[in-house]
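Visitor: Sharing a structure here in structure tokens format.
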Amino acid sequence: MEPSNEDYKLIPGWGMDADPENEPTYPMKKYTGDDHNRIHYERSDQQPELVEILRSNERPAITRVFGTSVPPSGFSGMIRRYAFQHSEDRYRHWIPLILADRINMLEGLIEDFKKGQIPNIIKERGLAVEWKHNRAGLIRKAVAVTLASLVLVSLFKRKK
Amino acid sequence: MLAMNYRGPYRVRAVQKPVPEILHPEDAIIRVTRTCICGSDLHLYHGMVPDTRVGSTFGHEFTGIVEEIGPLVQKLKIGDQVLVPFNIACGKCNFCKQGLFGNCHESNPMATAVGGIFGYSHTAGGFDGGQAEYVRVPYADVGPTVIPAEMDPDDAVLLTDVVPTGYQAAEMGGIKEGDTVVIFGAGPIGIMAARCAWFFGPSRVIIIDHIDYRLEFAKNYAKCEAYNFKEMEDPVVFLKKTTDWYGADVCIDCVGCEAEGNTLQTFSGRVTLLQAGAATALQWAINSVKKGGIVSVVGVYGPPFNLVPFGNIVNKGITIRANQTSVKRLLPKLIDHVMSGRLDPKGLITHRIPLEEVSEAYRLFSSKLDNCIKTVLIPSAKH
Ligand SMILES: NC(=O)c1ccc[n+]([C@@H]2O[C@H](COP(=O)([O-])OP(=O)(O)OC[C@H]3O[C@@H](n4cnc5c(N)ncnc54)[C@H](O)[C@@H]3O)[C@@H](O)[C@H]2O)c1
Ligand SMILES: [Zn+2]
Ligand SMILES: [Zn+2]
């Protein structure tokens, strides 16, 4: 917003030392002064909103284009909707989103099973290339994971 | 069509998906001919970027052939071979108008801190990416650039991100003739930054990493000095000493949020996610640069914050310069550097893998196996 009067220009020395060369963003930014027009610039047409789009509460309206790749759904979608009630400044925006991502992974597995498709996790993790180029490392890791799980199982049994 | 599909951390697969459609009059649909895996994709692959939804397709470095255009597209025609900058930019907002094409205000409703990026989570706009046979490209008159007829297609695909990012990393360093420049990270970005640093006239370019084959590659490709930080007791002291106990003139972070080398940073940033990744390289950059020096950052950090020695930035009077690369701004100059033979982007490519084997391709790059520097995915046997 432009201030309604320009009295500030009467402040002694106003603008005296302004130096257009003092611009650390050069040459990244070609300073035009347009920044002072804020969000009042010419825009493209609006992409129709055909799926649910969550949006940052730090802007008044949706952007003219946006991705429609995976609309929020299921339990993870509920968490994402909650997250978007809070600004990008807040942990309560980002932490729920990470939580939603992890839940979404489980939803992905369930979705696979529902389709009668057993996900080939070994293939998805690309372990074939580890086997080919880093066999010793892969075996070391497998042994470590097996040992750790055996210890956990035995601890669990003893508690019972 | 065939497309890469994210299933959760460290799990991706190739699936059949519907071909994307025009959703906006300025869209184009591109048939992808080449697409790369980037260090930035690894942050998604490792589950480090919030709002990375299962089922999405990654890929922000791609070239292709224009297959279909929306009614308002004027500069492109069907059949054009194009390279597509990774940023989605409207060309009209104040940021685009001032050359900040990586900071467009009309391409990402999900966050205001970052512009739209192809295939880079919903935090960057929720666009499906180019690791697929086809991709929707918004604002098709702004980003996509027709590939010069004489240009090698492998060079073209690296102009979508790696070359401009390496160049901008060096450019933001404000390098002066005779300077000593230190680059952290010998991945494709760091290696390209080291190569591009020479355009600005330094007397020494030093690259730091802990993977020997990458250091060796960097030394040959970028004609720079290369050192392994695992062999140093303290990288900051090493760099002070090698600059006559003065500090480097310019330090450049080409590592980002998955840095190694500092237990506290790793634990808080990568194991527990209490900060947005480990800021080890950035910390080293701040502490190794001279007083009044410049730190340039292209390494990617997630939201919301990272632990860096800010007091030292103040006390040493350091200038920090950082951004997502404005690919479009730099293309004319970089196309010239490539066409004149001064830059050899395709020299970074070590692997070429069909899109069907995307799971293996990600693993290979993520685990730095088989001396991998840069991987190109080929979506279909036709090209
Ligand atoms: N700003 C942008 O526009 C932009 C564009 C592209 C990539 N990037 C970012 O640049 C970074 C590098 O990308 P890349 O493709 O080269 O990735 P990469 O994973 O191939 O390379 C990163 C390198 O850093 C090394 N490393 C780890 N910890 C280190 C440390 N403490 N000091 C020095 N080196 C260390 C790794 O061993 C690796 O070789 C990523 O964060 C990526 O997201 C930013
Ligand atoms: Zn990239
Ligand atoms: Zn814009």
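The values are calculated or read from the model by the stated rules, or taken from the named source; none is laboratory data. Since we're looking at a predicted model, the values are computed, not measured. For neighbour counting, all protein chains shown are included, and Cβ atoms are generated from backbone atoms with ideal geometry for every residue, glycine included.
Visitor: Any chance the stretch B:218-238 includes a residue that's buried (at least 17 other Cβ atoms within 10 Å of the Cβ) and polar (S, T, N, Q)?
Guide: Checking the stretch B:218-238: not a single residue is buried (at least 17 other Cβ atoms within 10 Å of the Cβ) and polar (S, T, N, Q).
Visitor: Being in a loop (DSSP other than H, G, I, E, B) and either surrounded by fewer than 24 Cβ atoms within 10 Å (Cβ to Cβ) or at the interface with chain A (Cβ under 7 Å from one of its Cβ atoms) (or both) is the filter here, so list the residues in the stretch B:93-109 that pass it.
Guide: Passing the criteria: B:CYS93, B:GLN98, B:GLY99, B:LEU100, B:HIS105, B:GLU106, B:SER107, B:ASN108, B:PRO109.
Visitor: Give me a count of the residues in the stretch B:43-92 that are away from chain A (no Cβ under 14 Å), touching a residue at least 60 places away in the same chain (Cβ under 8 Å) and either assigned to a loop (DSSP other than H, G, I, E, B) or within 18 Å of the chain's Cα centre (by Cα) (or both).
Guide: Count: 9.
Visitor: Also, quick follow-up: State which residue is surrounded by the fewest Cβ atoms within 10 Å (Cβ to Cβ) when the search covers only the stretch A:24-62 and only residues that are of a type in the set (Gly, Ala, Ser) and either in contact (Cβ under 8 Å) with a residue 40 or more places away in the chain or more than 7 Å from chain B (Cβ to nearest Cβ) (or both).
Guide: Among them, the one singled out is A:GLY33.
Visitor: So which residues in the stretch B:324-376 are of a type in the set (Asp, Glu), closer than 25 Å to B:MET48 by Cα and either facing another protein chain (nearest Cβ under 10 Å) or without any contact (Cβ under 8 Å) to a residue 60 or more places away in the chain (or both), if there are any at all? Let's see the steps before the verdict.
Guide: Within the stretch B:324-376, the first condition is being of a type in the set (Asp, Glu), and the residues that meet it are B:336, B:344, B:356-357, B:360, B:370.
Cutting the leftovers down to closer than 25 Å to B:MET48 by Cα gives us B:356-357, B:360, B:370.
Within the stretch B:324-376, B:GLU357, B:GLU360, B:ASP370 qualify.
Visitor: Determine which single condition B:VAL12 fails, assuming it passes every other condition in (1) surrounded by 24 or more Cβ atoms within 10 Å (Cβ to Cβ); (2) facing chain A (nearest Cβ under 9 Å); (3) in a loop (DSSP other than H, G, I, E, B).
Guide: (3)
Visitor: Something else: Please work out if B:ILE252 is more than 16 Å from ligand 2 (Cβ to nearest atom), in contact with a Ser or Thr (Cβ under 6 Å, 6 or more places away or on another chain) and not charged (D, E, K, R).
Guide: Yes; evaluated as a whole, the condition is true for this residue.
Visitor: Go through A:GLY108, A:GLY116 for me and flag whichever is of a type in the set (Gly, Ala, Ser) and not in a helix (DSSP H, G or I).
Guide: After ruling out the rest, the residue left standing is A:GLY116.
Visitor: Do the conditions hold for B:THR243, that is, is it modelled with pLDDT of 95 or more and within 14 Å of ligand 1 (Cβ to nearest atom)?
Guide: The answer is no for B:THR243.
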